[in-house]
Amino acid sequence: MLTKLGEKFTHLFLKYMPDAFVFAILLTFLAGLTSYFWMDVKPLDIIVAWYDGFFDLLSFTMQIVLIIITGYSIALSPVIKKGIDKLASLIKTPNQVYFFVVLIGLLFSLISFGWVVITCVLARALAQRIKGINYPFLIACVYFSFNGWVFGLSSTIPLLLNTERNYLVEAKVLQSTIDTSFTLGSTLNIAMIVSFLVMAPLLLFLLRPKSAKNRELKNLLVDTDSDEVKTIKEEALSLKLPFKSWSDGLNNSRLLQLVFVTMGMIYIVYHFYSKGLDLNFNIMIFVFLIVGLFLHQTPMRYVISMKRSSRNISGILFQYPLYAGIMGIMLYSGLGERLGQLLASVATMDTYPFFAYISGGLINFAIPSAGGEFAVIGPSIINAVQEIGSGLPQEQVTAMISRASLSVAYGESLSNMLQPFFLLIVMPIMGKGVNLQARDIMGYLVLPFLVFFILQIGLVLWMPL
């Protein structure tokens, strides 16, 4: 029954869901029309707000691109490739693939948002080796495992709340920062982690398609040369001149690379020594960069690895600005704040986590960035919680704010299973040389979304913080 339901949802997505770029255009129109009819904003002002927001995510876009290509470069290194090959050799059947890809992907995502790229490399390697794998469903497994990031060390909202002089503190919305012991280290968050690690691999295993006919990777490849025949080392050697030269000596110098890596390692040690476990996009990118340089040993090998890693990221480069434009409409027209106020106004002491969770899920369709979304609705939700908790001890109010903020984060993350935006991170690797679109994958995620939606609602409402 579960398999048939999954197939039905997949068929519906195939029939009705457009390409991810068209999906972004339609959401732009929806945000604009809602601002016009509900907020009474003039059409020209909506278009200006759209343009003003269009470039607001350029730094975020670059961060995402660098997370992908530096992480992928690590995965292409000989050491990691051997590790992936060893792990892949232990997994023998399609059923094992589905189960372990979700489990391993969740564990990787708990460490870092960007480690989903390593899950992608592992999953693709398994699809190349093992017969009978439904490749679109495998991509869905990888994408679902991406959910782990919101509970882990790179979770945006908890890190923001604990950042000195963050915009919420500067605007006097918060009196002080909120320690991660209230968020990432809370009983609620640990319960979320355990529930995903236990239930997600089992659920995706139960929902696996019965057949992989015409859906294996080998059947879907339209570019059979998409996976390079030469190793990175072989390609680097082939670029050498037929005679000895200074340029080749520098290009392939291990010493030069080692000195550069040592500089980077010194800063990484200094960063974590002086700031503690302060994880953000920038330090994760820098760590990935330095580790990749170390693993590839020479400048030329690293250049080749980055060249290979940078293919097929066009979807990110031209679609992120569209979502930034939607964020601009939500932010500059006041629509996002109005939605936050509306949902907060009906909240009570018992129901505020539910409305925070729903807010996170709904607004994610227009602003698929936890940080960007929280900038729009976070102040309204925090103010509402402070009003509800008026007269209570400050520590209890802090706990309420933490629960509401986590609820927004959980709702935002899970609704990505119906929103193809972050699939753009997965597809440059999983979709390389393959004729697949978001509609081929998203239908498999509806039932997992519904199951974990119910579970998460229960946890945010009743699990002690």
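Some values worked out for this structure:
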| item | result |
| --- | --- |
| Kirkwood hydrodynamic radius (C-alpha pairs) into Stokes-Einstein, the chain, 4 °C and 1.567 mPa s, D in µm²/s | 55 µm²/s |
| Dipole magnitude of the chain, debye to nearest 20 (Cβ charges: Lys/Arg +1, Asp/Glu -1, about Cα centre) | 1980 debye |
| Radius of gyration and Dmax over the Cα atoms of region 275-400, both given in Å | 20.7, 63 |
| Distance (nanometres) between label positions extended 7 Å along Cα→Cβ at residue 273 and residue 237 | 4.0 nm |
| Cα centroid separation - region 117-187 against region 388-465, whole Å | 10 Å |
| Packing-based ranking, highest mean first, of 430-437, 24-31 given that Cβ atoms within 10 Å are counted | 430-437, 24-31 |
| Whole-percent carbon and sulfur share, accessible surface of the chain, 1.4 Å | 66 percent |
| Peptides ranked, highest mean first, by Cβ atoms within 10 Å: ranges 316-325, 99-108 | 99-108, 316-325 |
| Largest-first ordering by accessible area, 1.4 Å probe, given options 216, 234, 164 | 164, 234, 216 |
| Most positive-pole-ward Cα, 407, 342, 363, against dipole of region 332-465 from beta carbon charges | 363 |
| Protection proxy ranking, peptides 134-146, 298-310, average beta carbon neighbours within 10 Å, highest first | 134-146, 298-310 |
| Long pairs among 92/233; 8/210; 131/307; 82/230; 172/275; 86/240, criterion Cα-Cα beyond 20 Å | 92/233; 131/307; 172/275; 86/240 |
| Angle in degrees between helix 352-363 and the longest Cα principal axis of the chain, rounded to the nearest 10 | 50 degrees |
| Solvent-accessible surface (1.4 angstrom probe) belonging to residue 350, in square angstrom, nearest 10 | 120 Å² |
| Charge-dipole axis of region 146-259 as Lys and Arg at +1 and Asp and Glu at -1 on Cβ define it, positive-most pick from 167, 151, 180 | 151 |
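The values are calculated or read from the model by the stated rules, or taken from the named source; none is laboratory data. Being a predicted model, the structure only gives us computed values, none of them experimental. Methodologically, a virtual Cβ is constructed for each residue, glycine included, from the backbone with ideal geometry; neighbour enumeration extends over all protein chains shown. Note: accessible area is taken over every heavy atom of the protein model, side chains too, but ligands, DNA and RNA are not part of it. Shrake-Rupley method; radii C 1.70, N 1.55, O 1.52, S 1.80 Å.
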